[in-house]
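Asks: Provided herewith is a single structure, encoded as structure tokens, for subsequent inquiry.
Read the figures in this text as sums done on the coordinates, not as results from a lab. These figures come from a predicted structure and were not determined experimentally. So basically every Cβ, Gly included, is an ideal-geometry build from the backbone, and we count neighbours across all protein chains shown.
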Amino acid sequence: MNLMNLESLKTKAGMLRDLHSGPRMLVLPNAWDAASAKIIERCGFSALATTSSGVAGSLGYPDGERVTRELMLEVVARIAGVVGVPVTADLEAGYGPRVEDVVRTVHGLLEAGAVGLNFEDSRPARAHALEDLGTQVEKIKAIREAAVAAGVPVVLNARVDVLLYGQGNEAARVAETIHRANAYRDAGADCVFPIGVRSGETVATLVREIKGPVNILFGPGLPSIVELERMGVRRVTFGSGLMRAANTHLRSMMQALRDQPSGFAIPPDLITNQDLSDLLAR
């Protein structure tokens, strides 16, 4: 990594970090390729995230670390290379069971030009069994140490998967989510991401009990984005939702083409080929 790239990464990492404590909640749309990333940037968002599921789907793979580290980071690099805003990448469980695997992933993240990462605490290779808390804390500490050694204040968003894959009733899973989230914060996570939240009541509990910024995945059953901000949520993301919305629209168009071809028309307000070329011009 040359000095110019290092300084750029430091600047972008600082920008992303500051957005977690700014006057407004950080809204991070999730891109799945270079074009979607550029559209997000052009619409005025100050940073963007990637979606591991969306990237995997666009490459012909199911979600859950079926894509190799190298292929995922290649897409992250393409995304980071076409935008000027900070990029945080969804890197699943780090692409390997060992601490050194996770550190290797962090080095690849920086080489790709991204300055933040999601890191989850369930292992797809083990049917999404939750990682041992002590092991996950060790990995988070290693991520922070690798970032410090590289000289870049990487923004670590520690995903807590208890509400998705944990055992026990709702109250027990919420309590375990809070326990893990605070342990991850103590280990060096900048933000925590309790995925699987389904109600505003749970959001309020998590924001109150977790010692640091909370990331909520926006979706059905949750309060509006404006209300989440009022409740104290510091960061909201969309996962693969935007990619799935685009594909849902495509499916509707294809069903109309199949069933009513005589009335089928391409919408007149599409992005033109020239628009797309101009958008991605280096």
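Asks: Taking 8 Å as the Cα distance limit and 6 or more residues as the minimum spacing, I'd like the relative contact order of the range 3-242 as a percentage.
Replies: With pairs under 8 Å counted, the relative contact order is 20 percent.
Asks: Excluding residues on the same chain fewer than 8 positions from Lys38, give the lysines whose Cα lies under 18 Å from its Cα.
Replies: The reachable lysines, counting only those whose Cα sits under 18 Å from Lys38, are Lys12.
Asks: Could you work out the mean projected area of the convex hull around the alpha carbons of the chain, in square nanometres to one decimal?
Replies: Answer in nm², one decimal: 16.1.
Asks: Follow-up question, since we're still on this one. Taking Cα atoms, how many degrees apart are the long axis of helix 133-150 and the longest axis of the chain, rounded to 10 and kept between 0 and 90?
Replies: The answer is roughly 70 degrees.
Asks: Order these peptides, 262-273, 91-102, by their mean beta-carbon neighbour count within 10 angstrom, highest first.
Replies: Peptide ranking by packing, descending: 91-102, 262-273.
Asks: If I take R0 = 30 Å and measure r between the Cβ atoms of Arg42 and Ala204 in this structure, what FRET efficiency does the formula 1/(1 + (r/R0)^6) give, to the nearest 0.05?
Replies: Given R0 = 30 Å and the Cβ-Cβ separation, E is 0.30.
Asks: Helix 69-82 versus the longest principal axis of the chain: what is the Cα-based angle in degrees, 0 to 90, to the nearest 10?
Replies: The angle comes out near 60 degrees.
Asks: With θ taken as phi - 60° and the coefficients 6.51, -1.76 and 1.60, list the Karplus ³J(HN,Hα) couplings across the range 109-118 in order, rounded to whole Hz; mark glycine and proline as x.
Replies: 4, 5, 4, 6, x, 9, 10, x, 8, 8
Asks: Oh, and also: Indicate, rounded to the nearest 5 percent, the antiparallel portion of the DSSP beta bridges found entirely in the chain. Walk me through the numbers on the way to the answer.
Replies: On the way: 2 of 25 bridges.
Around 10 percent antiparallel, to the nearest 5.
Asks: With axes computed from alpha carbons, what is the tilt in degrees of helix 170-187 against the longest principal axis of the chain, rounded to the nearest 10 within 0 to 90?
Replies: 80 degrees
Asks: Let me ask something additional. Considering Cα pairs under 8 angstrom that are at least six residues apart, work out the relative contact order of the range 208-271 and quote it in whole percent.
Replies: 28 percent
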